[in-house]
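The values are calculated or read from the model by the stated rules, or taken from the named source; none is laboratory data. Predicted, not measured: the structure shown is a model, and the values here were computed from it. All Cβ positions, glycine included, derive from the backbone under ideal geometry; neighbour counts span all protein chains shown.
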Amino acid sequence: MTPFVPFVRTPVVCLAVLLLLLPLGCPPSDGQGSDDDDVVVPPDTDSCTDDTDCEFRSGLEICGDAGLCVEGDRNNAMEEAQLLEDGDVTELYIAPAGDVDWFRFNGTQGDLIYIAASADDPDNLDCLVTYYDGDGREIGYADDFERVSGVAPDARLYSGVPATGTSYFTVQDKRGWANDPSNPPTGGSGHQYQVFFGALGGSAGAVHASEPNDSAADATPWEVSEYATNYNLGGGLAPAGDVDWLAIDVLQGEVLRLYGFPGSGSQGTPRVTAYLEDASTPIRSYEGLAWDLEHRAWIPVLETGTYYLEIQDLSGGGGFDHWYFLHAAKNDLAEGLPVEVEPNNSVAEAQALGLDPGTTAVESVSLWGRIGMPGDRDHYAVVAEEGDGISVIFARTEHGETTGVQVQLVNPAAIEAECNTIAGDDDDSAGDDDDSAAEEPPACCAALSCGSPLASPLVWDGSEDPVISNQALSAGIWNLVVSDTDSSVGHGGRFYEMRVQQASP
């Protein structure tokens with residue numbers, strides 16, 4: 001018979017029993033039920049009573065209505081929208097296929113916002129952001145951001161807050177929005193994305209064009225200084241008729257490029273007018289700036305200083321639902337061209353091109369020029385040896401250059417001989433004819449055609465063909481005179497790109 005051994009309450013045994021009796025986890029402090037953010041070990045089966053029973057550490061499973069773990073998340077409607085504040089970043093998944101994730105933020109009328117959604121694998125997920133007001137009405141949207149090759153082609157939305165309160169936005173796969181049966185949406189672990197929410201003037205990084213900036217004197221400075229760098233800016237046009245001015249410092253030989261953000265939801269169409277340094281000579285006006293080449297501004301800089309931008313609503317409207325967003329970049333100064341240097345409006349002021357084909361057989365130079373005022377004539381000088389050939393080609397840049405340009409070949413020595421001879425010998429002798437009637441100068445003087453093989457200006461037809469093609473020259477100094485076919489026009493935007501080629505015989 002086995003002797004009875006009394007049960008001894010040792011501290012170790014008590015602790016083991018106590019641990020077995022403890023429930024998994026602790027009750028929530030507010031007594032409102034389990035916290036979905038608590039990561040717990042999932043059960044061995046797919047059955048569940050709440051989301052914490054599922055393997056949601058991947059962000060892909062929730063407890064479905066049938067009590068089974070299913071792919072999905074908990075921000076699928078406005079009522080479930082996840083709150084974001086300025087500077088917040090969160091990572092989620094589009095799962096299952098066709099999933100739409102909702103977010104919300106609290107804003108004040110007149111705020112400007114930035115939302116960026118970036119897929120980890122853009123081949124699997126093409127993020128689409130849609131922005132709504134507090135009543136669920138769509139304000140704006142953003143799809144591909146293709147301006148910068150180094151940035152994933154996902155959604156970048158700039159927009160504004162038309163009314164104080166809670167606003168919403170969604171992130172989804174564009175294929176789910178397009179609803180194309182031939183290209184259905186997918187979802188799952190390969191569809192992770194990151195979403196960022198920020199406010200201009202806060203963490204968004206873009207410049208906020210704040211009032212007062214209603215004149216060039218009060219212009220908001222916009223630093224666009226580094227090459228291969230992207231600069232963004234936003235502003236509001238309120239009240240109706242509001243005008244905003246921006247100031248950008250530029251260097252001679254740069255190219256200033258401007259783009260817009262379509263789909264921002266503004267109720268107006270901003271018109272952007274660029275001005276030269278005097279803030280009164282217009283370069284060009286641009287309406288509906290976007291990313292494509294046909295709707296961007298491409299401005300060659302012909303002088304170092306400050307260029308100005310004037311922004312206003314195309315129809316003169318305005319309000320807290322009228323905003324604009326601009327993207328700026330510059331071409332590297334080293335990639336630019338030499339520029340016309342004023343004054344060069346006469347033979348005496350002609351700008352030397354410095355061509356010398358004697359050692360290379362052919363030499364050429366390209367430059368930017370501008371018909372800066374009505375009747376402007378730009379003179380360029382070349383020094384020729386007997387038999388040298390001269391060619392002039394204008395470039396078709398597709399960026400707003402003047403297409404009414406023409407060029408004339410001028411012989412300064414012949415004009416001097418034909419047109420600047422004073423009647424009379426002025427020697428007070430008996431034969432002095434100072435009082436005789438002066439003869440009219442030859443017609444070639446006014447036409448600048450004296451001694452030139454080309455009797456009149458040759459008009460560019462807009463093609464890549466030379467306007468002047470290997471025209472033989474006699475030895476001496478010649479001028480190429482560029483002007484507009486319409487002598488009544490001329491302003492900051494009448495620029496041209498010209499290549500001059502000189503070949504030895």
Matching residues in the stretch 172-211 - criterion: being free of Cβ contacts under 8 Å to residues at least 24 places away in the same chain and not in a loop (DSSP other than H, G, I, E, B) | Ala178
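For residues that are of a type outside the set (Gly, Ala, Ser) and closer than 18 Å to Tyr158 by Cβ, scanning just the stretch 288-309, find the one that is farthest from the chain's Cα centre (by Cα).
Quick first cut of the stretch 288-309, residues of a type outside the set (Gly, Ala, Ser) only: 289, 291-296, 298-304, 306-309.
Filter once more, keeping what is closer than 18 Å to Tyr158 by Cβ: 289, 291-292, 295-296, 309.
Values: Leu289: 8, Trp291: 7, Asp292: 9, His295: 10, Arg296: 7, Leu309: 14 Å.
Of everything passing the filter in the stretch 288-309, Leu309 is farthest from the chain's Cα centre (by Cα).
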Out of curiosity, is Asp144 exposed (fewer than 15 other Cβ atoms within 10 Å of the Cβ), assigned to a loop (DSSP other than H, G, I, E, B), not assigned by TED's automatic domain parsing to the domain that holds Leu256 and not aliphatic (A, V, I, L, M)?
-> no
Tally time: how many residues in the stretch 471-490 are surrounded by 14 or more Cβ atoms within 10 Å (Cβ to Cβ) and either assigned to a strand (DSSP E or B) or hydrophobic (A, V, I, L, M, F, W, C) (or both)?
-> 12
Which one is surrounded by the most Cβ atoms within 10 Å (Cβ to Cβ), of the residues in the stretch 360-414 that are under 25 Å from Ser463 (Cβ atoms) and among the hydroxyl-bearing types (Ser, Thr, Tyr)?
-> Tyr380
Strands (runs of 3 or more DSSP E) contained in the stretch 263-313 and holding at least 1 residues in the same structural domain as Ala238 (by TED's automatic domain parsing) and more than 24 Å from Leu251 (Cα to Cα) = 270-275, 282-287, 305-313
With Tyr308, Tyr275 as the choices, which residue is touching a residue at least 12 places away in the same chain (Cβ under 8 Å) and touching a Pro at 6+ places or on another chain (Cβ under 9 Å)?
-> Tyr275
Test for Asp111: is it touching a residue at least 24 places away in the same chain (Cβ under 8 Å) and under 23 Å from Gly165 (Cα atoms) = yes
